[in-house]
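Visitor: Have a look at this one before I ask anything.
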Amino acid sequence: MLVYLNGKLVPKEEAKVSVFDHGYLYGDGVFEGIRAYSGRIFRLSEHLRRLYDSARAICLEIPLSMEEMTRVCVETCRANQISDGYIRLVVSRGEGDLGLNPNKAKEPTVVCIADRIQMYPPELTERGLNVITAATRRSYGEVLSPHIKSCNYLPNIMAVIEAINAGAQEAVCMSREGYVAECTGDNVFLVREGVLKTPHPSCGILKGITRNAVLELARGMGIPTEEGLFTRFDLYTADEVFLTGTAAEVVPVTRIDGRIIGDGKPGEMTLRLKQAFSQLVAREGHPIYD
Ligand SMILES: *Cc1c(COP(=O)(O)O)cnc(C)c1O
């Protein structure tokens, strides 16, 4: 495997970053997870837009233009013969001293990894996930804007630990006000009486590109959609629940906090949207090979 690191493609074993990198010391950095399907990178420009917005919000200047970053993604996929895979872009503050001051780090560290991944085994996606609602809240704007896809993932990891301890596969986090926000790396949707519902961006969510694609698909299919405020009660009494994310794609949830959702099987609308999503990713995207 070859990894892109600061301008060079290097063997995985040589892709090393300094222990003084503030990404390592403080989680000071931003990242993206992007998928490629059949030789095309899905919504690459949206992912790059979000990466550059996240970086701007934390005063991190990415030393490459968006065009150059597009090339980095393409070249890293090519170097690893990836047609279907997952691209991880990380831009950290870079090597500084032991203090917090980001200005001591002179050059951001830019990494691109292209690999093959599988989030959940197919049996689990067919059966539907067992999730819990976490005690850990989603970080909110007064602390760190949830719209920033930052490397500071400890709150999400705390919620993952809760899920693991409860024998579940994922955790839904609430906003500070107690409304449903999102899972640890995925957005959440529910279906009730034919309406597709998902928390409003003001609930403290990362505005997922998969979330956006699913909302667009639903609207195109004539499904009524609603972005609003939802509680645990709404999750427990939903006809269907599913999660969306670049890594997870569209994945049904059939159990929440020990309650069976709907009839306990992946829902009909979930499956329709999942199928529409697979058709969408197969037909659009930035080509890797020309
Ligand atoms: C990346 C991420 C998502 C999913 O966003 P996509 O753009 O669909 O991959 C959702 N929530 C959090 C916290 C994330 O980091």
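The values are calculated or read from the model by the stated rules, or taken from the named source; none is laboratory data. None of these values were measured; they are calculated from a predicted model. Please note: Cβ atoms are built from the backbone with ideal geometry, for glycine as well, and neighbour counts cover all protein chains shown.
Visitor: Scan segment 11-30 and report the pairs whose first residue is under 13 Å from K104 (Cβ atoms) and whose second residue is among the polar types (S, T, N, Q), with Cβ atoms within less than 6 Å and a gap of 6+ or a chain change.
Guide: D21/S92; D21/T109
Visitor: Does at least one position in segment 136-143 carry a residue that is buried (at least 21 other Cβ atoms within 10 Å of the Cβ) and more than 10 Å from the ligand (Cβ to nearest atom)?
Guide: no
Visitor: While we're looking at this one, here's another question. Mind checking which residues of segment 175-217 are of a type in the set (A, V, I, L, M, F, W, C), surrounded by fewer than 22 Cβ atoms within 10 Å (Cβ to Cβ) and away from the ligand (no atom under 15 Å from the Cβ)?
Guide: V195
Visitor: Here's another thing I want to ask about it. For a quick check of your reading: which helices (runs of 4 or more DSSP H) sit entirely within segment 191-290 and have at least 2 residues that are more than 25 Å from A166 (Cα to Cα) and touching a residue at least 24 places away in the same chain (Cβ under 8 Å)?
Guide: Correct list: 209-220, 268-283.
Conditions (1) surrounded by 13 or more Cβ atoms within 10 Å (Cβ to Cβ); (2) closer than 24 Å to S175 by Cα; (3) touching a helix residue (DSSP H, G or I) at 6+ places or on another chain (Cβ under 6 Å); (4) in the same structural domain as Y37 (by TED's automatic domain parsing), marked per residue:
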{"position": "F230", "(1), (2), (3), (4)": "yes, yes, no, no"}
{"position": "D239", "(1), (2), (3), (4)": "yes, yes, no, no"}
{"position": "E249", "(1), (2), (3), (4)": "yes, yes, no, no"}
{"position": "T254", "(1), (2), (3), (4)": "yes, yes, no, no"}
{"position": "G264", "(1), (2), (3), (4)": "no, no, no, no"}
{"position": "M269", "(1), (2), (3), (4)": "yes, no, no, no"}
{"position": "D290", "(1), (2), (3), (4)": "no, no, no, no"}
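Visitor: Of the residues E107, E123, only one is surrounded by fewer than 21 Cβ atoms within 10 Å (Cβ to Cβ), at pLDDT 95 or above and either out of contact with any helix residue (DSSP H, G or I) (no Cβ under 7 Å at 6 or more places or on another chain) or not aromatic (F, W, Y) (or both); which?
Guide: E107
Visitor: Mind listing just one residue for me: the one in segment 244-273 that is in contact with a strand residue (DSSP E or B) (Cβ under 7 Å, 6 or more places away or on another chain) and under 23 Å from R88 (Cα atoms) and, of those, farthest from the ligand (Cβ to nearest atom)?
Guide: V251
Visitor: Here is a follow-up. Picking from S54, S65, S83, which residue would you name as being modelled with pLDDT of 95 or more and either crowded, with 18+ Cβ neighbours inside 10 Å or in the same structural domain as N152 (by TED's automatic domain parsing) (or both)?
Guide: S54
Visitor: Restricting to segment 184-225, name every residue that is farther than 20 Å from C173 by Cβ and among the acidic types (D, E).
Guide: Within segment 184-225, E193, E216 qualify.
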